[in-house]
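Peer 1: Pasting in a structure now, in structure tokens, and then I'll have a few things to ask.
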Amino acid sequence: MTVTWEELGWERLAEGVGRCRLPVWDCTVGLVVGAGSAVLVDAGSSLAEGARLREQAEAIAGCRVRFLALTHPHFDHVFGAAAFADATVLAAAGADADAVAGDAFGDGREEMRADAVRNGLDATAAREAADALVRPHRGVRGRLSLEPAGGPRVVLADVGPGHSARDLAVVVPGDPAVVFCGDLVEESGAPQAGPDAVPSRWPAALDRLLALGGEDALYVPGHGAVVDAAFVRAQRDALAERFGVS
């Protein structure tokens, strides 16, 4: 039996498309619903959060999550991914050989665990999630289209680097289009540039994001409220000034 988006505290954005804002770090998780399968965008910050997200997403969709798209390899967006072990996991090209890579992960996995603890995640939960990290089944180069049965088309685009070395945007064409931006765009605070950011190329990544979505799209930040193209463009210009790039 399906439930409505609102009953579980999710925000419906368009037909078959919605998102929730998670507690603590205000991360966005997106959901695109088809008749027989669903696409989830990002997986939360812990195994327990991932399990809750799966339960809620599949209750809304009335079917299983078939695809999990990870916007970038930071703990608050990927540490719940092991809850979707039977889904096809997709990430920007390169992530399957590095940062979200299961047994092959190495130093990057340890850095994500340490970052999670620094930011307040329980140390045991952080260790469990880091140890269970799944390897993406496919790294997206350029664009990749998914068509969940009976649902809207979903376009994955490798638009980075910028906020990280591997930034994936998820676009659901329509009227309006919905663009899940990951942390290339943030609304609830200033964009964060950590050690894996590529500031000199971040404005260009936002140019690519705007070209994908267009002027009338709904842009869904990795953190914060849904914004419009004007907000994304203003943030692009502010980042260019901040980092001294055109």
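Peer 1: Counting only residues 5 or more places away or on other chains, whose amide H sits under 5 Å from the amide H of residue 88 once H atoms are built in the peptide plane?
Peer 2: Under 5 Å from the amide H of residue 88: 67, 68.
Peer 1: Using a 1.4 angstrom probe, figure out how much accessible area the chain has per residue, in square angstrom, rounded to the nearest whole.
Peer 2: I get 41 Å² per residue for the chain.
Peer 1: Given a 1.4 Å probe and every protein chain left where it sits, what share in percent of the accessible area of the chain is carbon and sulfur?
Peer 2: Details: 4760 of 9980 Å².
The C+S portion of the solvent-accessible surface of the chain is 48 percent.
Peer 1: Binning at 5 Å from 0, report for the range 14-86 what percent of all alpha-carbon pair distances ends up in each bin.
Peer 2: Cα pair-distance distribution for the range 14-86, in percent: 4, 19, 32, 27, 13, 5, 0.
Peer 1: Specify the inter-centroid distance of the range 179-246 and the range 15-62, based on alpha-carbon positions, in whole Å.
Peer 2: Between the Cα centres of the range 179-246 and the range 15-62 lies a distance of 22 Å.
Peer 1: Moving on to the next point. Counting Lys and Arg as +1 and Asp and Glu as -1, each charge on the Cβ, what is the dipole of the chain about the Cα centre in debye, to the nearest 20?
Peer 2: Values: 22 positive and 35 negative charges, 92 e Å.
About 440 debye.
Peer 1: Next question, about the same structure. Which whole-number percentage describes the relative contact order of the chain, with Cα contacts under 8 Å and a sequence gap of 6 or more?
Peer 2: About 16 percent, as a whole number.
Peer 1: Relative to a virtual label point 7 Å from the Cα of residue 3 in the Cα→beta-carbon direction, which members of the range 53-88 show backbone nitrogen distances below 20 Å?
Peer 2: Inside the label zone: 53-66, 83-84.
Peer 1: So between residue 231 and residue 115, what do we pick up on full extension, going 0.36 nm a residue minus the alpha carbon distance?
Peer 2: Between residue 231 and residue 115, full extension yields an extra 38.9 nm.
Peer 1: Okay, moving on. Would you compute, from DSSP H runs of 4+ residues alone, the mean residue ellipticity of the chain at 222 nm, taking -39500 (n - 2.57) per run and dividing by the full residue count, rounded to the nearest 500?
Peer 2: Result for the chain: -8500 deg cm²/dmol, rounded to the nearest 500.
Peer 1: Give the shape of the range 175-246 as rounded, prolate or oblate, defined through the alpha-carbon gyration tensor: a ≥ b ≥ c are the square roots of its eigenvalues, a/c under 1.5 means rounded, and otherwise the shape is prolate if a/b is larger than b/c and oblate if not.
Peer 2: On the way: a/c = 1.96, a/b = 1.50, b/c = 1.30.
Prolate is the answer for the range 175-246, as a/c is 1.5 or above and a/b outweighs b/c.
Peer 1: Which Cα, out of 176, 156, 193, lies furthest along the positive dipole direction of the range 131-246 (beta carbon charges, K/R +1, D/E -1)?
Peer 2: 156
Peer 1: Let me ask something else about it. Karplus couplings for the range 215-221 from phi (6.51 cos²θ - 1.76 cosθ + 1.60, θ = phi - 60°), rounded to Hz, Gly and Pro as x?
Peer 2: 6, 9, 6, 8, 9, 9, x
Peer 1: Check which residues have an amide H placed less than 5 Å from residue 188's amide H, if you skip close sequence neighbours.
Peer 2: Residues meeting the amide H criterion: 223, 224, 225.
Peer 1: Assuming R0 = 51 Å, can you tell me the calculated FRET efficiency for the pair residue 241 and residue 12, based on Cβ-Cβ distance, to the nearest 0.05?
Peer 2: Computed FRET efficiency for residue 241 and residue 12 comes out at 0.90.
The values are calculated or read from the model by the stated rules, or taken from the named source; none is laboratory data. If you're wondering where the values come from, they're calculated on a predicted model, not measured in any experiment. All Cβ positions, even for glycine, are placed from backbone atoms using ideal geometry, and neighbour counts span all protein chains on display. To get the accessible areas, we keep the full protein, side chains included, count just its heavy atoms, and leave off ligands, DNA and RNA. Shrake-Rupley method; radii C 1.70, N 1.55, O 1.52, S 1.80 Å.
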